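The values are calculated or read from the model by the stated rules, or taken from the named source; none is laboratory data. Owing to the predicted nature of the structure, the values given are computational and were not obtained by experimental measurement. A quick note on method: Cβ atoms are made from the backbone with ideal geometry, for glycine too, and the neighbour counts reach across all protein chains shown. The accessibility values were calculated without ligands, DNA or RNA, using every heavy atom of the protein model including side chains. Shrake-Rupley method; radii C 1.70, N 1.55, O 1.52, S 1.80 Å.
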Amino acid sequence: MAVDLFAGIPVGDYERALAWYERLLGSGPSFLPNATEAVWELAEHRSVFIEVRPEHAGHAMHTIIVDDLDALVGEVADGGTQPAERETYSNGVRKAICRDPDGNEIGFGGVPAVAR
C-alpha cells in the first residue's frame, strides 16, 4: 500500500509563518498553491503545508523523524531557531520540539539504530 502525507499547519499570519518555516526547514516552499498556503515537500509524497486559518492556529502537533537528529537540530539552530524543548523517551527515541509564532508544535525525532 502506498502512503502519501500532506500535513497541514494552521497559522494566523501568513508572512510571519512563511518566514519562520523557511528558516526552520532551510528553504523556501516547494510550491505556493494560492495566496494563503505554502507547501514544503520533505520527501517524495510527504509534505507539510501552512494555511491561514487563524481560528485554528496554534493547535498543530507534528513530529518528523530524521536519520540524524543532532545534525538536523544543528542546521535548524544555524537558521536561527532553537528547540523549545528536548525529550528522551525510555526506549531511546529523542525529540526536539520547536514552536512557531502561533504555538504550533513541530518536533524532530531521532530513533536509535537498534529500534529501526
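Name the residue that is surrounded by the fewest Cβ atoms within 10 Å (Cβ to Cβ), counting only residues in the range 94-116 that are of a type in the set (A, V, I, L, M, F, W, C), modelled with pLDDT of 95 or more and within 12 Å of Ile65 (Cβ to Cβ). Walk me through it before giving the result.
Taking the range 94-116 first, the residues of a type in the set (A, V, I, L, M, F, W, C) are 96-98, 106, 108, 111, 113-115.
Right, trim to modelled with pLDDT of 95 or more and you get 96-98, 106, 108.
So of that shortlist, the ones also within 12 Å of Ile65 (Cβ to Cβ) come out as 96, 108.
On the way: Ala96: 23, Phe108: 20.
So, considering only residues that are of a type in the set (A, V, I, L, M, F, W, C), modelled with pLDDT of 95 or more and within 12 Å of Ile65 (Cβ to Cβ), the one surrounded by the fewest Cβ atoms within 10 Å (Cβ to Cβ) is Phe108.
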With criteria (1) at pLDDT 95 or above; (2) of a type outside the set (Gly, Ala, Ser); (3) not in a helix (DSSP H, G or I), Val3 comes up short on (1)
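Here is a list: Thr63, Thr88, Thr36. Which entry is among the β-branched types (Val, Ile, Thr), touching a Lys or Arg at 6+ places or on another chain (Cβ under 6 Å) and open to solvent by 50 Å² or more (accessible area, probe 1.4 Å)?
Working: Thr63 fails: touching a Lys or Arg at 6+ places or on another chain (Cβ under 6 Å); Thr36 fails: touching a Lys or Arg at 6+ places or on another chain (Cβ under 6 Å).
When all the criteria are applied, what remains is Thr88.
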Quiz item: Is one or more of the residues making up the range 14-34 modelled with pLDDT under 95 and among the acidic types (Asp, Glu)?
Solution: no
Checked the range 6-26 for anything without any contact (Cβ under 8 Å) to a residue 60 or more places away in the chain and either surrounded by 12 or more Cβ atoms within 10 Å (Cβ to Cβ) or over 22 Å from Arg99 (Cβ atoms) (or both); matches are Ala7, Gly8, Tyr14, Leu18, Ala19, Glu22, Arg23, Leu25, Gly26
The residue that is farthest from Leu42 (Cα to Cα), considering only those in the range 66-77 that are aliphatic (A, V, I, L, M) and open to solvent by 20 Å² or more (accessible area, probe 1.4 Å), is Ala77
